[in-house]
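Trainee: Mind having a look at this structure? Questions to follow.
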Amino acid sequence: MKYGIVIYPAKEVQDRVNALRKRYDSHYNLIPPHITIKEAFDLEAGIEEVVNHLTAVTQDFPPFNLRINRIKSFSPTSPVLYLGIEENPEINKLYEQVNSGALKYQALYNFIPHITIAQDLTSQEISDIYSRLSLQQFDLSFLVDRIHLCYQMDNGSWSHYQTFLLNGSY
């Protein structure tokens with residue numbers, strides 16, 4: 001079974017993102033809009049070890065705000081369009097702490113916090129969509145006060161396993 005760790009943005013942000021994803025993202029029905037903190041992984045240790053690690057990480061980690069402020073593309077590396085997150089050291093710190101200890105691994109790519117809005121399309125389709133959407137303004141903010149451990153079901157959709165509140169303070 002595959003697991004992953006994500007941040008779900010506020011409902012208002014999800015609604016705005018889903019208006020785009022419904023048309024352009026083949027994974028629209030598989031998982032709500034999210035920021036991936038740990039990509040899909042097979043569980044080598046027991047789930048208890050993962051839960052204990054995430055509990056320890058979130059116990060002292062304070063909530064923080066994120067702001068979506070642009071549309072970007074991973075082209076030519078990958079034909080994916082996404083909403084970019086304004087530079088924020090807190091999300092990078094959270095990423096590093098989650099991906100340590102029991103969940104340590106060597107990532108293939110640098111961490112770029114984002115919310116995917118289009119994928120599994122041709123490069124030309126991505127380019128056309130990018131041209132249209134880059135004319136729109138994106139200025140969406142939300143509070144990150146929890147992360148979610150999810151698992152992938154047999155039909156490819158993702159389901160919630162456990163939520164971890166960010167319990168730290170400044």
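Table: residues versus (1) farther than 18 Å from Ile31 by Cβ; (2) not hydrophobic (A, V, I, L, M, F, W, C).
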site: Arg70; (1), (2): yes, yes
site: Leu94; (1), (2): yes, no
site: Leu108; (1), (2): yes, no
site: Asp128; (1), (2): yes, yes
site: Phe142; (1), (2): no, no
site: Asp154; (1), (2): no, yes
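Trainee: Hey, another quick one. Can we say Ala107 is out of contact with any Gly (no Cβ under 7 Å at 6 or more places or on another chain), small (Gly, Ala, Ser) and surrounded by fewer than 13 Cβ atoms within 10 Å (Cβ to Cβ)? Steps first, please.
Mentor: Details: out of contact with any Gly (no Cβ under 7 Å at 6 or more places or on another chain): yes; small (Gly, Ala, Ser): yes; surrounded by fewer than 13 Cβ atoms within 10 Å (Cβ to Cβ): yes.
The answer is yes for Ala107.
Trainee: Is one or more of the residues making up region 36-50 over 18 Å from the mean Cα position of the chain (by Cα), farther than 17 Å from Gln152 by Cβ, among the acidic types (Asp, Glu) and modelled with pLDDT under 95?
Mentor: Checking region 36-50: at least one residue is over 18 Å from the mean Cα position of the chain (by Cα), farther than 17 Å from Gln152 by Cβ, among the acidic types (Asp, Glu) and modelled with pLDDT under 95.
Trainee: Looking at Leu149, Leu140, which one is buried (at least 16 other Cβ atoms within 10 Å of the Cβ) and under 20 Å from Pro62 (Cβ atoms)?
Mentor: Leu149
Trainee: Being part of a strand (DSSP E or B) and of a type outside the set (A, V, I, L, M, F, W, C) narrows it down to one residue among Gln162, Gln106, Gln124, Gln136; which is it?
Mentor: On the way: Gln106 fails: part of a strand (DSSP E or B); Gln124 fails: part of a strand (DSSP E or B); Gln136 fails: part of a strand (DSSP E or B).
Checking each option against the conditions leaves just Gln162.
Trainee: For region 81-89, check the following and say yes or no: at least one residue is within 30 Å of Thr122 (Cβ to Cβ), of a type in the set (Asp, Glu) and either part of a loop (DSSP other than H, G, I, E, B) or without any contact (Cβ under 8 Å) to a residue 12 or more places away in the chain (or both).
Mentor: Scanning region 81-89 turns up at least one residue that is within 30 Å of Thr122 (Cβ to Cβ), of a type in the set (Asp, Glu) and either part of a loop (DSSP other than H, G, I, E, B) or without any contact (Cβ under 8 Å) to a residue 12 or more places away in the chain (or both).
Trainee: With the requirement that a residue be assigned to a helix (DSSP H, G or I) and surrounded by fewer than 18 Cβ atoms within 10 Å (Cβ to Cβ), what does region 29-80 give you?
Mentor: Listed by number, the residues that qualify are Ile47, Glu48, Glu49, Val51, Asn52, Thr55, Ala56, Gln59.
The values are calculated or read from the model by the stated rules, or taken from the named source; none is laboratory data. The model shown is predicted, which means the values in this text are computed figures rather than measured ones. Note: ideal-geometry Cβ built from the backbone for every residue, glycine included; neighbour counts use all protein chains shown.
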